[in-house]
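The values are calculated or read from the model by the stated rules, or taken from the named source; none is laboratory data. None of these values were measured; they are calculated from a predicted model. Backbone-built Cβ (ideal geometry, glycine too); neighbour counts: all protein chains shown.
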Amino acid sequence: MQETIPGVNVITAVKILAIQMVQLSSKGTPRNPVVRACYEKRKAEGKTSQQTLICIFRRLISIIYEMLKNGTEYRMPVMENAGENR
């Protein structure tokens, strides 16, 4: 039987994960630089914070699905154009 946290479903857990990945650490550095760059890019395009988090939420769902489908672990993508806007 699978253990669950009472009152927290999978969708809520992924939403919390999306918010955590966008936030800055106490040192001021992004917890996940790739996700933070995506967040800032969407904000620069004029999207609201809520719309931007939904984009990240959907991206995380896709990543989690692929990990489960292929039986792989998460590997942090390499940022090729750090600091550049496309």
- Filtered residues of the range 43-58 (kept if within 20 Å of residue 12 (Cα to Cα) and surrounded by 14 or more Cβ atoms within 10 Å (Cβ to Cβ)): 52, 53, 54, 55, 56, 57
- Task: Please enumerate the residues belonging to the range 23-51 that are closer than 17 Å to residue 76 by Cα, in a helix (DSSP H, G or I) and either of a type in the set (Lys, Arg) or in contact with a helix residue (DSSP H, G or I) (Cβ under 6 Å, 6 or more places away or on another chain) (or both).
- Result: 35, 36, 39
- Within the range 1-22, considering residues that are under 26 Å from residue 75 (Cβ atoms) and of a type in the set (Gly, Ala, Ser), the one modelled with the lowest pLDDT: 13
- Which pairs have Cβ atoms under 6 Å, sit 6 or more apart or on different chains, and link a residue in the range 1-21 that is among the β-branched types (Val, Ile, Thr) and assigned to a helix (DSSP H, G or I) to one that is modelled with pLDDT of 85 or more and surrounded by 11 or more Cβ atoms within 10 Å (Cβ to Cβ)? 14/60
- Got at least one residue in the range 23-42 being within 12 Å of the chain's Cα centre (by Cα), at pLDDT below 90 and either among the polar types (S, T, N, Q) or exposed (fewer than 12 other Cβ atoms within 10 Å of the Cβ) (or both)? yes
- Task: Could you run through the range 52-74 and say how many residues are assigned to a helix (DSSP H, G or I) and under 13 Å from the mean Cα position of the chain (by Cα)?
- Result: 13
